[in-house]
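The values are calculated or read from the model by the stated rules, or taken from the named source; none is laboratory data. Here the structure is a predicted model, which is why all the values come from computation and not from measurement. Every residue, glycine among them, receives a Cβ derived from its backbone with ideal geometry; neighbour counts consider all protein chains shown.
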């Protein structure tokens, strides 16, 4: 009986890891971008339009998903806003002329393609969508 309980607990643990990995988010940049890593404060500032230039002087092109679990998780974790707050924030920035809203994409593959084709681009996708066409940017 103890072996059965042990096996059950181990199975639950591994299933939990797999479930978490399916929703894990990766920050992606163009392969030619030389930035080795980023801290969460700078990443938040990028997505709020407060930092618009990479260290190599390239303009940062921000990509976001239109909606979905990955979008919600990214906003909550990194930007510390929900989708409504983020949308209102960018409407205000655009209306007052103090910022250029991120480019919005329907799918993670569209973001990945945009980032691959634009040297200054940054985006986020699930780790299950990640491949070697883009560079995963570690968040410190």
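Only one residue in 98, 129 is under 15 Å from the mean Cα position of the chain (by Cα) and in a loop (DSSP other than H, G, I, E, B). Which one?
129
If you go through the range 68-80 one residue at a time, do you hit one that is modelled with pLDDT of 95 or more and over 26 Å from residue 131 (Cα atoms)? Write out each step before concluding.
Going through the range 68-80, the residues modelled with pLDDT of 95 or more turn out to be 68-80.
Imposing the further condition that a residue be over 26 Å from residue 131 (Cα atoms) reduces the set to 80.
Checked the range 68-80: at least one residue is modelled with pLDDT of 95 or more and over 26 Å from residue 131 (Cα atoms).
Is it true that residue 85 is under 30 Å from residue 34 (Cβ atoms), surrounded by fewer than 20 Cβ atoms within 10 Å (Cβ to Cβ) and more than 12 Å from the chain's Cα centre (by Cα)? Please lay out each step first, then the result.
On the way: under 30 Å from residue 34 (Cβ atoms): no; surrounded by fewer than 20 Cβ atoms within 10 Å (Cβ to Cβ): yes; more than 12 Å from the chain's Cα centre (by Cα): yes.
No.
Would you call residue 123 surrounded by 12 or more Cβ atoms within 10 Å (Cβ to Cβ), in a loop (DSSP other than H, G, I, E, B) and touching a helix residue (DSSP H, G or I) at 6+ places or on another chain (Cβ under 9 Å)?
no
Does the range 53-73 include one or more residues that are at positive phi, surrounded by 13 or more Cβ atoms within 10 Å (Cβ to Cβ) and within 13 Å of the chain's Cα centre (by Cα)?
yes
Of all residues in the range 23-79, which are in a loop (DSSP other than H, G, I, E, B), over 23 Å from residue 98 (Cβ atoms) and without any contact (Cβ under 8 Å) to a residue 12 or more places away in the chain?
The one that is in a loop (DSSP other than H, G, I, E, B), over 23 Å from residue 98 (Cβ atoms) and without any contact (Cβ under 8 Å) to a residue 12 or more places away in the chain: 68.
Which condition number in (1) closer than 17 Å to residue 25 by Cα; (2) touching a residue at least 40 places away in the same chain (Cβ under 8 Å); (3) surrounded by 15 or more Cβ atoms within 10 Å (Cβ to Cβ) is the one that residue 106 fails?
Every listed condition holds for residue 106 apart from (3).
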